[in-house]
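One structure below.
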Amino acid sequence: MVSKLFCCCAVLPLFISSYLFLIQFLHTEPFEWPYRDIVFSKEGKRISFSEYGQKSSSHIWVHFHGTPGSSIFIPSSVRSAFENSGVRLILPDRSGFGMSAFNKNRTILDSGKDLYSLLSSLNLPSNCDLVLSGHSSGAPFAFGASIWGEMPCKLTSIILFAPAITHLSQDLPKNFSAQEIYSDIEPSNPHHVKYLVENMWILKYVFRLLAPMFVFYPESLINDYNEIHYQFSGIINDRTDFRNLYRGAIVDSLTSGVDSLWHDGFLLTQKWPFDLKTQLPKVPIKIYVGAQDTNTGVKMAQYTQTLIPTSTLEVVQDHTHDSLLFSKLIEIIKDFKFNRYSKQHFEIFDF
């Protein structure tokens, strides 16, 4: 009890100062929120989503965002790339993020149930095909959706962008140690939540106390803008766009409170109710990671690839955690548009 009280008192000054920063932060450039639709599951659960591209298309691409984040974490250049591409991009807000209702009892597999409710409400073509993708901590939920099985469209591919998978979610392969998985991640990064797995109450209350710091966090990214702007050339137009993209997505992830953030950390540090080696659908699986990614790192991507023997891994030079996502989305959809990949089955990878 004394240690818990000490921890709370230690972070109280940060809690107060973060609100002072927040006041200044929210009185800066206005953010234009993209339009979103809302559907309700049979149980009455609210599910919000954004979509871009050709609404009449039978080629459906569903992407799961990371943490913190929401469906708006897509720059305008990516949205434009999907216009007239022949693909319908659907970006759901995961449970508790954006405008989707929080479910304290949700599991990773529930992402499949939610996606089924969403897709069933859209009157999709009967011959539709489906690609699932996930970025960072959204990758496990792409797995969950693929394992759910019952979907209005035929699953043809799974794409993972810088997947966040801890050593606790699956049986650790013999050729990997827990320390090695995290060896190229910044020590202060939230994915080092593995060290708190035996004290999850700490994570829960720190999230509650320091929620405003998640909103202020984009400022540190902007300070580094001059050093990494070349990675976003042609993807993010200028400093303001870069800042607003991060600010908007992080603020949006807190609209239902911070419990969804804590619960994501909890799910990432628990043994998953499925085995990646044996239970994933037999479809092409591609893993991308940026060579300069210090959020999840190349080692974690290699660990993921080891867990999924049928997958292939590509390390993309000169890219970080988020620039990888944006650039690869544009590259893949442009290649699809100009018929480099099979439109008939929407299998976008050549093995």
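Every number in this text was worked out from the coordinates using simple rules, so none of it is lab data. Keep in mind the model is a prediction, meaning the values are calculated, not measured. Because the Cβ atoms are built from the backbone with ideal geometry, glycine has one as well, and the counts that use them run over all protein chains shown.
Below, the figures for the structure above:
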item: Residues whose placed amide H lies under 5 Å from that of residue 254, excluding near-sequence neighbours; result: 98
item: Rounded, prolate or oblate (a/c below 1.5 giving rounded, otherwise prolate when a/b exceeds b/c) for the stretch 39-138 by Cα gyration tensor; result: oblate
item: HN-Hα J in Hz across the stretch 143-158 - Karplus 6.51, -1.76, 1.60, θ = phi - 60°, x for Gly and Pro; result: 4, x, 5, 5, 7, 3, x, 7, 9, x, 10, 7, 6, 10, 7, 10
item: Residues 110, 37 arranged by fewest to most Cβ contacts within 10 Å; result: 37, 110
item: Pairs of lysine residues in the stretch 265-342 - Cα separation under 16 Å, sequence separation of 8 or more or cross-chain; result: 4
